[in-house]
Amino acid sequence: MKKLYLTLLCVGSLWSAMAQNRVTVKADEGKVVINRHIYGHFAEHLGRCIYDGFYVGEGNTKIPNKNGVRLDVVEALKKMKIPNLRWPGGCFADTYHWKDGIGPKAQRPKIVNTWWGGVTEDNSFGTHDFLNMCKLLGTEPYLAGNVGSGTVQELSDWVQYVNFPKNSPMSNLRQKNGQQEPWNVRFWGVGNEAWGCGGNMTPDYYANIYRQYATFMNQTVGKDRIFRIASGANSSDLNWTETLMKNIPINMMEGVALHHYSVHSWDDGKKGSATEFSEADYVKTMKQALKMDEVIEKHAAIMDKYDPQKKVALVVDEWGGWYNVEPGTNPGFLYQQNTMRDAVLAGSTLNIFHKYAERVRMANLAQAVNVLQAVILTEGTKMLLTPTYHVLEMYNVHQDATLLPIDIKTGDYQFENEKLPAVSVSASRDKAGKTHISLVNIHAGQPQTVSVSLKGLKASGVTGRILTSGKMQDHNTFDNPTKVKPVAFSGAKLAGDELTVTLPPVSVVVLELQ
Ligand code: AHR
């Protein structure tokens, strides 16, 4: 009797999971392109991101490098298809004076990194080092200018130094320092978190300051004006976006930023462990991560009021999970491990960015190496790829692909008093005509079956890859760097224009339809 009851219960819950997740992919209605720049990354002079992470010094004979830049990191990021890299901060950007980081390294001044651990910054990694590293990575640089403690002259000089092709004081200085041709940097941030570490400004004050800076950053790269990004709101601070959109003429800014982290609490030591967490912690993190949808929707609605033609991009230039630092590491270095929880967070967030692809045209995961939700961790000569790396690599098929609109009805993931959607889904068609569907099972306890109707698409087969692991706390370590890695997925069945996909709990899948 008990056995029969359990069998009926299993069949019942499987059936209800099947019935609850229904997706229609409107393959014949795609119009908007998913800008590859939403797959951007962030490298700050913070902890071991630059020093020890990207850059190990020209004299390093133990770690293979080019001009001091780790080649294992370069190779991994190229494989992931990193489209842009933001530098040098973050909070550090508003303390950074770019002239400290050019010219002979022995003569560069040493400064204190006041935001991040109070360590001495020797400026051995500066503008040339970063921009040449971007060339090596095949990625577009995104330079964050100093507004908080800099000047208009200083920032407009930086633009001239890196971009001006002809004879000028700054381009001559660049050439004297060994770089003949300009780097043609398109993306420029006008300060960072001006409401906080960038100067604790009010939105009205910053809007005025922005106009002043932007006036003197009016250069072009090729035919296009440089892409100026205003320092944006902290998560749900809608007043910040409203004030900027109201007070800055649309032709003076190409992007407005937004930062939203998935964090339990901003109090020190109360963010929870990156690896030792409960299901309740997981739900808390995912609730914050999924809030990105509502946050973007609200900021985008404000932008639509002032910019109905969507000329100005919403640039989510800091996002990701933020936990307590790993035990025994410098609290100012923000070094944290990365688990399947982060993989689910990344997959769901990228699906949200796709949904708003018309407005969200750039984003930067914080941060690339050894800091916060890193895609790469390093330790001496060793390097590992985190679960988050694998999601970004699997998802890179969506870069510059056409978003296919979807209708979605998902079941619930109910945990105690919280209710989250059980699955997250997105679809696109790439330039070669291949359709990709990314699916995330957010539910920590149950597999989810998703019924997908393919409208306007005749597919003959389906293949895919999955990232999952026995436990949501699973992660890669320097002793076991491939514990979590993508493998071939056989849980998708195609019958005519109906696809049935069964996702194990806490998993990320990317399918390709032939
Ligand atoms: O990414 C770490 C920090 O978080 C950045 O420096 C700052 O912009 C944000 O508060």
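General observations
- Selection of the range 336-372 for residues being assigned to a strand (DSSP E or B) and more than 16 Å from the ligand (Cβ to nearest atom) yields Thr339, Val360, Arg361.
- Count of the range 304-325 residues which are open to solvent by less than 30 Å² (accessible area, probe 1.4 Å) and out of contact with any Asp or Glu (no Cβ under 7 Å at 6 or more places or on another chain): 9
- Count of the range 494-514 residues which are touching a residue at least 24 places away in the same chain (Cβ under 8 Å) and either outside any strand (DSSP E or B) or farther than 26 Å from Met286 by Cβ (or both): 9
- Taking the range 54-81 as the range and being among the basic types (Lys, Arg) and closer than 13 Å to Gly138 by Cα as the test, the residues that pass are Lys78, Lys79, Lys81.
- Within the range 116-127, at least one residue is among the acidic types (Asp, Glu), over 29 Å from Tyr210 (Cβ atoms) and either away from the ligand (no atom under 16 Å from the Cβ) or touching a Phe, Trp or Tyr at 6+ places or on another chain (Cβ under 9 Å) (or both).
- Across the range 79-105, the qualifying residues are those that are closer than 11 Å to Glu44 by Cα and in a strand (DSSP E or B), and the one among them that is farthest from the ligand (Cβ to nearest atom) is Leu85.
- Filtered residues of the range 481-514 (kept if open to solvent by 30 Å² or more (accessible area, probe 1.4 Å), more than 29 Å from Gln414 (Cα to Cα) and among the aliphatic types (A, V, I, L, M)): Ala488, Leu494, Ala495
- Filtered by the rule that a residue be within 29 Å of the chain's Cα centre (by Cα) and open to solvent by less than 30 Å² (accessible area, probe 1.4 Å), the range 455-467 gives Gly464, Ile466, Leu467.
- Scanning the range 276-303 for residues that are open to solvent by 20 Å² or more (accessible area, probe 1.4 Å), under 20 Å from Asn324 (Cα atoms) and more than 16 Å from the ligand (Cβ to nearest atom) returns Glu276, Ser278, Glu279, Ala280, Asp281, Lys284, Lys287.
- Within the range 373-387, the residues that satisfy the criterion of being assigned to a strand (DSSP E or B) and more than 27 Å from Met286 (Cα to Cα) are Glu379, Lys382, Met383.
- Look at the range 94-111: where a residue is within 15 Å of Gly178 (Cβ to Cβ) and free of Cβ contacts under 8 Å to residues at least 12 places away in the same chain, no partner that is open to solvent by 20 Å² or more (accessible area, probe 1.4 Å) and assigned to a loop (DSSP other than H, G, I, E, B) sits 6+ places away or on another chain with Cβ atoms under 6 Å.
- The number of residues in the range 133-152 being closer than 28 Å to Tyr205 by Cβ and either touching a residue at least 60 places away in the same chain (Cβ under 8 Å) or open to solvent by less than 30 Å² (accessible area, probe 1.4 Å) (or both) comes to 8.
- Long-range neighbours under 8 Å by Cβ, at least six apart or interchain, first residue of a type in the set (Lys, Arg) and open to solvent by 10 Å² or more (accessible area, probe 1.4 Å) within the range 351-368, second away from the ligand (no atom under 13 Å from the Cβ) and part of a loop (DSSP other than H, G, I, E, B): Arg361/Asn35
- Restricted to the range 18-59, and to residues there that are in contact with a Ser or Thr (Cβ under 6 Å, 6 or more places away or on another chain) and farther than 20 Å from Asp400 by Cβ, the residue that is farthest from the ligand (Cβ to nearest atom) is Met18.
- Residue match in the range 158-179 (condition: part of a loop (DSSP other than H, G, I, E, B), over 18 Å from Leu258 (Cβ atoms) and β-branched (Val, Ile, Thr)): no
- If you go through the range 160-169 and pick out every residue that is open to solvent by 70 Å² or more (accessible area, probe 1.4 Å) and polar (S, T, N, Q), you end up with 1.
- Only a single criterion out of (1) open to solvent by 70 Å² or more (accessible area, probe 1.4 Å); (2) more than 21 Å from Ser278 (Cβ to Cβ) is not satisfied by Gly470, namely (2).
- Within the range 373-406, the set of residues being open to solvent by 30 Å² or more (accessible area, probe 1.4 Å) and within 16 Å of the ligand (Cβ to nearest atom) is empty.
- Of the residues making up the range 170-199, those that are polar (S, T, N, Q) and open to solvent by less than 10 Å² (accessible area, probe 1.4 Å) number 2.
- Criterion violated by Ile442 - all others in (1) in contact (Cβ under 8 Å) with a residue 12 or more places away in the chain; (2) surrounded by fewer than 23 Cβ atoms within 10 Å (Cβ to Cβ); (3) farther than 16 Å from Leu511 by Cβ satisfied: (2)
- Residue match in the range 216-232 (condition: open to solvent by less than 10 Å² (accessible area, probe 1.4 Å), at pLDDT 95 or above, within 30 Å of Glu154 (Cα to Cα) and among the charged types (D, E, K, R)): yes
- Taken as a whole, the structure places Thr502 among residues that are modelled with pLDDT of 95 or more and in contact with a Pro (Cβ under 7 Å, 6 or more places away or on another chain).
- Test: residue in the range 407-415 that is touching a strand residue (DSSP E or B) at 6+ places or on another chain (Cβ under 6 Å), more than 29 Å from Asp28 (Cβ to Cβ) and open to solvent by 50 Å² or more (accessible area, probe 1.4 Å): yes
The values are calculated or read from the model by the stated rules, or taken from the named source; none is laboratory data. What you are looking at is a predicted structure, and each value in this text was computed from that prediction instead of being measured. Every residue, glycine among them, receives a Cβ derived from its backbone with ideal geometry; neighbour counts consider all protein chains shown. Areas reflect the complete protein model, heavy atoms only, side chains present, ligands, DNA and RNA absent. Shrake-Rupley method; radii C 1.70, N 1.55, O 1.52, S 1.80 Å.
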